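Worksheet for the structure shown next.
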């Protein structure tokens with residue numbers, strides 16, 4: 001009987017200790033709003049002979065990019081940092097726009113001219 005009481009008492013003590021030692025999760029994310037806007041945006045183009053262009057956006061403090069191909073439409077493709085996107089162009093000059101989105105919602109943009117010369 002005494003052993004059962006001791007077990008019960010120790011179990012209850014352990015349970016109370018565990019419950020009291022739990023900490024509330026830190027959920028304050030206001031620091032995200034203070035993050036700097038994306039900076040030093042850049043873009044590299046790799047133009048293949050068939051007009052297929054690989055676009056490599058880059059920048060500091062960017063969580064993702066919007067790549068506007070500049071071939072007449074206002075559609076864009078979301079690209080993660082370190083990734084590329086490919087697009088087929090006809091011969092000509094295009095203005096490619098890159099919009100970098102930061103973690104706090106701030107943006108920066110870059111426009112870069114792209115010339116595609118296809119073999120005859």
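Residues are listed down the side, and each one gets a yes or a no for (1) out of contact with any strand residue (DSSP E or B) (no Cβ under 7 Å at 6 or more places or on another chain); (2) surrounded by 10 or more Cβ atoms within 10 Å (Cβ to Cβ); (3) in a loop (DSSP other than H, G, I, E, B):
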| residue | (1), (2), (3) |
| --- | --- |
| 3 | yes, no, no |
| 8 | yes, yes, no |
| 16 | yes, yes, no |
| 36 | yes, yes, yes |
| 41 | no, yes, no |
| 55 | no, yes, no |
| 82 | yes, no, yes |
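Determine whether residue 61 is at pLDDT 80 or above, closer than 29 Å to residue 112 by Cα and surrounded by 10 or more Cβ atoms within 10 Å (Cβ to Cβ). The answer is yes for residue 61.
For the range 65-80, a residue qualifies if it is surrounded by fewer than 13 Cβ atoms within 10 Å (Cβ to Cβ) and touching a residue at least 12 places away in the same chain (Cβ under 8 Å), and the qualifying residues are 78, 80. Would you mind stating whether residue 11 is more than 30 Å from residue 119 (Cβ to Cβ), within 14 Å of the chain's Cα centre (by Cα) and modelled with pLDDT under 95? So residue 11 does not fit the description; no. Among residues of the range 36-51 that are at positive phi, those with a beta-carbon under 6 Å from a residue that is part of a loop (DSSP other than H, G, I, E, B) at least six positions away or on a different chain give the pairs 51/89; 51/118.
The values are calculated or read from the model by the stated rules, or taken from the named source; none is laboratory data. This one's a predicted model, so the numbers in the text were calculated from it and none came from an experiment. Here the Cβ is made from the backbone with ideal geometry for all residues, glycine too, and neighbour counts use every protein chain on show.
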